[in-house]
Amino acid sequence: MRYIDDTIVMKRMKSRLRKNNGWKTVFLLATLFALLCLVILLYRIVSQGIGYLDWDFITSFASRFADRAGILPALVGSLYMMAVVAPVSIILGVATAIYLEEYAKKKKFTDFIQMNISNLAGVPSIVFGLLGLTIFARALALGTSILAAGLTMSLLILPVIIVAAQEAIRAVPNDQREASYGMGATKWQTITRVVLPSAIPGILTGSILALSRAIGETAPLVVLGIPVILQFLPDSLLSTFTALPMQIYEWAKRPQEEFLYVASAGIIVLMILLVIMNSVAIFIRNKFQKRY
């Protein structure tokens, strides 16, 4: 007695293979299209900006002449701002994720908080700029300082870091926690010596993406009123400053064609800074992945 008709099976198998190959082609074309856009973008930026990228460009101040324009105040300002954004957002984000995953009881109020954090990750950046303008710039009288901009950017990326850290903590197997409790460790010891070291690679991956967004955002800085050109360097967190996205935006909107090339050189500097930040984070992530 035959339960399977070989002819029907072969027909269905051919249909499934054709469908599989069709979707495989669609995914391949989508990947190639994305890579092509990236290559065109990089080629255009590098070909336009490489002629203006030299040591004088890095160490000079802004100028109304394209051949004398430099990026030093914007570069220093961005580094100062990230020195505020990174510790504030990572410490607050990871602490919130630990509370929600390890301490908070699973009830409706916790779900409500979780849902709102996830929604905040999709709020447009200009809304966070208005929030920073109201709270930090005006209510706390921080004005256009590095601290006001850094705290505003921290609010912007905080939901992303919280969600990423929660996923990383949730992925740690419960067996590791139970083994730690079984050996007499307290909850805090289990979190600091078992859960966090295992979750660090995932936390760093989310933090890399979030910090990369913060250093390239322009809208919150525009709302805060951060100046586009400065002829001095900031000397404290309360100093007025400018940042790389603001400087690039200023150059890009000028009518002279030469400033478009200068803006491309500024974008190259911003991309190099991003690559350095990401490389450091990836090094730390790989180190913890090998250990745990």
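So here's what we get for this one:
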item	result
Span from the the stretch 26-98 Cα centroid across to the the stretch 123-180 one, whole angstrom	21
Efficiency of FRET between Ile229 and Val127 - r from beta-carbon atoms, R0 25 angstrom, step 0.05	0.40
The stretch 39-182: relative contact order in percent, alpha carbon pairs under 8 Å with at least 6 residues between	27
Net length gained if the chain between Arg170 and Phe283 were fully extended (0.36 nm per residue, minus Cα distance)	38.4 nm
Set of the stretch 67-94 residues, backbone N closer than 20 Å to the point 7 Å along the Cα-Cβ line of Phe61	67-81
Cα-based convex hull volume of the stretch 46-120 per residue, rounded to whole Å³	151
Accessible-area composition of the stretch 1-128, carbon plus sulfur, in percent [1.4 Å probe]	68
Kirkwood-type radius of the stretch 169-292, with distances r between different C-alpha atoms, in Å	17.9
Where a label projected 7 Å from the Cα of Lys253 along Cα→Cβ would reach, residues of the stretch 106-148 with amide N under 16 Å	126
Calculated over the chain: convex hull of Cα atoms, volume per residue (Å³)	228
Label-to-label distance, nm, for residues given as Thr31 and Lys19 (7 Å Cα→Cβ offset)	2.2
Average accessible surface area per residue within the chain, 1.4 Å rolling probe, Å²	59
The chain, relative contact order in percent, only Cα pairs under 8 angstrom and at least six apart counted	26
Tilt relative to the chain, helix 257-291 - C-alpha long axis, 0 to 90 degrees, to 10	40
Gain in span if fully extended, Arg12 to Ala179, counting 0.36 nm per residue against the direct Cα distance	55.2 nm
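The values are calculated or read from the model by the stated rules, or taken from the named source; none is laboratory data. Fair warning: this is a prediction, and the values are worked out from it, not measured in the lab. Ideal geometry is used to build each Cβ from the backbone, glycine not excepted, and the neighbour counts take in all protein chains shown. Remember, those area values only see protein heavy atoms, side chains included, never the ligands or the DNA or RNA. Shrake-Rupley method; radii C 1.70, N 1.55, O 1.52, S 1.80 Å.
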